[in-house]
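Heads up, the thing below is written out as structure tokens.
Here, each number is a calculation from the coordinates, and none is a lab measurement. Because the structure is a prediction, the values reported are computed rather than measured. Cβ placement follows ideal geometry from the backbone for every residue including glycine, while neighbour counts extend to all protein chains displayed.
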Amino acid sequence: LKCDWAVIDVVSVLGTDQNVTAHVTKWNIDSEGVRKAYKGRNRNQKDIDLYDETVIETLEELHANGEDAVELNMETLQFAKNENDFLFVDFYASWCSHCRDLAPTWEKLAELMVDAGEKLGKQHPEDYTDEDFEAAEKVELPVMIAKVDCVKNHELCNQQEDIRAYPTLRLFVDGERWSGG
């Protein structure tokens, strides 16, 4: 029986109803009933900043000269994965307050990557070998910065990419989801 969301109510011996859903931890088990590693979210991430406080421009001000973070959908995401060595995608929901807080930082990052791409290949840095410099010249953007609106692209986010929380930042290397290490 598949159960993605469960609500558990209990009645105490004194007859009072209690909702204990918040205290339930969901574990994956294999076919023999042996518990596997929990793949849920980490609730102790208080040390992570949700946005860069040094980015003081509003999203509207950053968009004044055009958007640098490329908006993707199901077709263009696959194309971007195939065409870029490095693709960094923000999967967001327009109603999410954390996503709205992150948006100016994400746009600033995209702007910096576009600027870096324009400067790349114009001069031969001293610490580059000729081979490294030639490889760098072939790259238009060091990292393509993109975004996917999961409200508009529900199937892409929930079924194809398995996005379960917003915002989700995902790096693709050579078309494959980067898993670290």
**OP:** Pop a pseudo-label 7 angstrom from the Cα along the beta-carbon direction at both residue 14 and residue 94 and give the gap in nm to one decimal.
**Re:** 4.9 nm
**OP:** Take the cross-link list 108/147; 81/108; 36/81 and give me the ones stretching past 24 Å between alpha-carbons.
**Re:** 36/81
**OP:** Could you calculate the FRET efficiency of residue 57 with residue 85 from 1/(1 + (r/R0)^6), where r is the beta carbon distance between them and R0 is 35 Å, rounded to 0.05?
**Re:** 0.75
Original post:
Given 37 °C and 0.692 mPa s, how large is the Stokes-Einstein diffusion coefficient of region 56-113 in µm²/s, with Rh as the Kirkwood radius over Cα pairs?
Top reply: 264 µm²/s
**OP:** Which order do the peptides 53-59, 73-79 take when ranked by the mean count of other beta-carbon atoms within 10 Å per residue, highest first?
**Re:** 73-79, 53-59
